[in-house]
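Take a look at the structure below.
The values are calculated or read from the model by the stated rules, or taken from the named source; none is laboratory data. Keep in mind that this is a model prediction, so the values were computed, not measured. Cβ sites come from the backbone with ideal geometry, for glycine too, and all protein chains shown count toward neighbours. Side chains are part of the model used for accessible areas, which takes the heavy atoms of the whole protein and leaves out ligands, DNA and RNA. Shrake-Rupley method; radii C 1.70, N 1.55, O 1.52, S 1.80 Å.
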Amino acid sequence: MKITKRTVSSKFGEITLYKIENSSGASVELSSLGAGITSVMVPDKFGEIGEVCLGYADPSDYMADGPCMGKIPGRYANRIQKGHLEVDGKTYQLAINNGPNALHGGPTGFQNRLWDSELIPNGVRFSYESKDGEENYPGNLKVKAEYTWSEDNVLRLILIADTDAPTVVNLTNHAYFNLEGADSGSVLKHKLKINSSKYLPTDSTQIPTGELADVKGTPMDFTDFKEIGIDINKDFEPLRIGKGYDHCWAIDGWSKNSGVKESVMLAAPSSGRVLTVSSTQPGVQIYTGNWLAGSPKNKAGREYNDYDGVAIEMQGFPDAPNKSSFPSQLLRPEEEYREEINFAFTVE
């Protein structure tokens, strides 16, 4: 495995980028800004290697961008209702940065920090220490994001955290994919399959109601491969709320000790590329890039349009700290948070 390192100066500090390339020429690029994925170059069915991960031309443009492109949000990915957090009977008020709610850990979060980095076999380990009280979360939290790249084009991400006081943690990666090519336009012709028979309905501010609803007979049904865009404009309240898909699905058969489960498959009809996402996490937020317009310029020199990519965010459930029926995201000092996400790229 060939790993090359470069640095880019920015007004907020030096950004370190790592390119990991296997013997076939397929590669990923990772950034210390938000411990992010900035590039995934993999072959199509004709053997042509191309970019499938949306990204910006300027590595510094990932700072404080609206789409959270490719980065690791935290301390709590997704939404917490009204920023209300209670841990062991003590209440904490988080910043409100998404309508009336808290999103992705706050205005800065983990995604807009420069992480420390070091090489590991076939990959990179990023580290960040979130101080007690940062973004009003309790506890000093030490976080690691370990990426490795394989000869068979699997990007593996292991997320690890420990704390010195009870807190909540929900970590994921927010990369956007377009398997026809990152600058090919809409992703709505891609076919999607989710290993889930239930999704999380939300209120008008996209906070889960606490129930799990059957997908059968609704536009939320991706139990078999279906074009992403075929139902996206249906007269269906969840789709109106999000201007498309921006919802969490509960992975069928998940339990705390069920290990890595195949969760989502994404397939592109023209290129023949297939992405299989497996994880230890209980849910997946599918976001169809409904608000990508206005983002920084990409590597082709243009802004992305809405629906140019899809984010597959394996994670704990949104607002789980306020929903006792959801899998707990509470982390105590004697415990270790450890979750795994695998992105496997193949062709058919």
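Once both labels are positioned 7 Å from their Cα atoms along Cα-to-Cβ, the gap between Lys2 and Phe225 label points is 3.3 nm.
Solvent exposure of Met1, expressed as accessible area, is near 80 Å², computed with a probe of 1.4 Å over the protein chains only. Here the Gaussian network model covers the chain, with springs between Cα atoms less than 10 Å apart; of Pro59, Pro269, Pro282, Pro269 fluctuates the most. All other residues whose Cβ lies under 10 angstrom from that of Ser117 are scored, Lys and Arg at +1 and Asp and Glu at -1, for a net of 0.
Among Gln81, Gln281, Gln93, the largest mean-square fluctuation in a Gaussian network model of the chain (Cα springs under 10 Å) belongs to Gln93. Basic side chains Lys and Arg get +1 at the Cβ, acidic Asp and Glu get -1 at the Cβ, and with that the dipole of the chain about its Cα centre reaches some 220 debye.
As an equivalent ellipsoid, the stretch 1-95 spans semi-axes of 34, 17, 12 angstrom, where each value is the square root of five times an eigenvalue of the C-alpha gyration tensor, largest first. Averaging the Cα positions of each part gives two centres, and for the stretch 226-268 and the stretch 1-34 these lie 31 Å apart.
Here r is the Cβ-Cβ distance between Ser10 and Asp252 and R0 is 35 Å; the resulting FRET efficiency, rounded to 0.05, is 0.25. Remark: the Cα gyration tensor places the stretch 103-147 in the prolate category, a/c being 1.5 or greater and a/b exceeding b/c. Under the shape rule built on the C-alpha gyration tensor, where the axes satisfy a ≥ b ≥ c, the stretch 208-280 is oblate, since a/c reaches at least 1.5 while a/b does not exceed b/c. Note on the chain: with neighbouring protein chains present and a 1.4 Å probe, carbon and sulfur make up 47 percent of its accessible heavy-atom surface. In this label model, Gln93 and Asn136 are separated by 0.6 nm, measuring between points 7 Å along each Cα→Cβ vector. Going by a ≥ b ≥ c, the root eigenvalues of the Cα gyration tensor, does the stretch 55-207 fall in the rounded group (a/c under 1.5), the prolate group (a/b larger than b/c) or the oblate group? Cα axes put the stretch 55-207 in the oblate bin. Largest accessible area first, the residues Lys256, Lys45, Lys2, Lys71 order themselves as Lys256, Lys2, Lys45, Lys71 under a 1.4 Å probe with ligands, DNA and RNA left out. Quick check: convex hull over the Cα atoms of the stretch 238-281, volume per residue in Å³, rounded to an integer? Measuring per residue, one finds 93 Å³ for the Cα hull of the stretch 238-281. Bridgeable lysines around Lys234 (alpha carbons under 24 Å apart, same-chain partners fewer than 8 residues away excluded): Lys189, Lys191, Lys193, Lys198, Lys216, Lys226, Lys243. Exposure check, 1.4 Å probe, all protein chains in place: Val154 carries approximately 40 Å² of accessible surface.
So what is the calculated 222 nm ellipticity per residue for the chain, using -39500 (n - 2.57) for each DSSP H run with n of 4 or more, over all residues, to the nearest 500 deg cm²/dmol?
Working: 1 runs with 6 residues, N = 348.
It comes out at -500 deg cm²/dmol, rounded to the nearest 500.
For the chain, what percent of Cα pairs sit more than 35 Å apart?
Numbers: 9332 of 60378 pairs.
Tail of P(r) above 35 Å: 15 percent of Cα pairs.
Taking a virtual spin label 7 Å from the Cα of Glu237 along the C-beta vector, which residues in the stretch 187-220 bring their backbone nitrogen under 20 Å of it? Hits in the stretch 187-220 for Glu237 at 20 Å: 198-220.
Modelling each spin label as a point 7 Å along the Cα-to-Cβ direction, I'd like the Asp58/His84 distance in nm, to one decimal. Once both label points are built, they end up 4.1 nm from each other. Stretching the chain fully between Arg338 and Arg302 yields a gain of 9.2 nm (0.36 nm per residue, less the alpha carbon separation). For a modelled paramagnetic label at Asp183, 7 Å from Cα along Cα-to-Cβ, the residues of the stretch 37-58 in reach, with backbone nitrogen under 16 Å, are 39-42, 49-58. Per residue, the chain exposes 39 Å² of solvent-accessible protein surface, assessed with a 1.4 angstrom probe and all protein chains in place. Rg and Dmax, both from the Cα atoms of the stretch 196-348 and both in Å, are 16.5, 49.
Taking every Cα-Cα distance in the stretch 148-256 and sorting them into 5 Å bins from zero, the calculated P(r) comes out as 2, 9, 14, 19, 19, 17, 11, 6, 2, 0 percent.
The mean sequence distance of close C-alpha pairs (under 8 Å, at least 6 residues apart), as a share of the length of the chain, puts its relative contact order at 19 percent. Applying 1/(1 + (r/R0)^6) with R0 = 41 Å to the Cβ-Cβ distance of Ser328 and Glu48 gives a FRET efficiency near 0.35.
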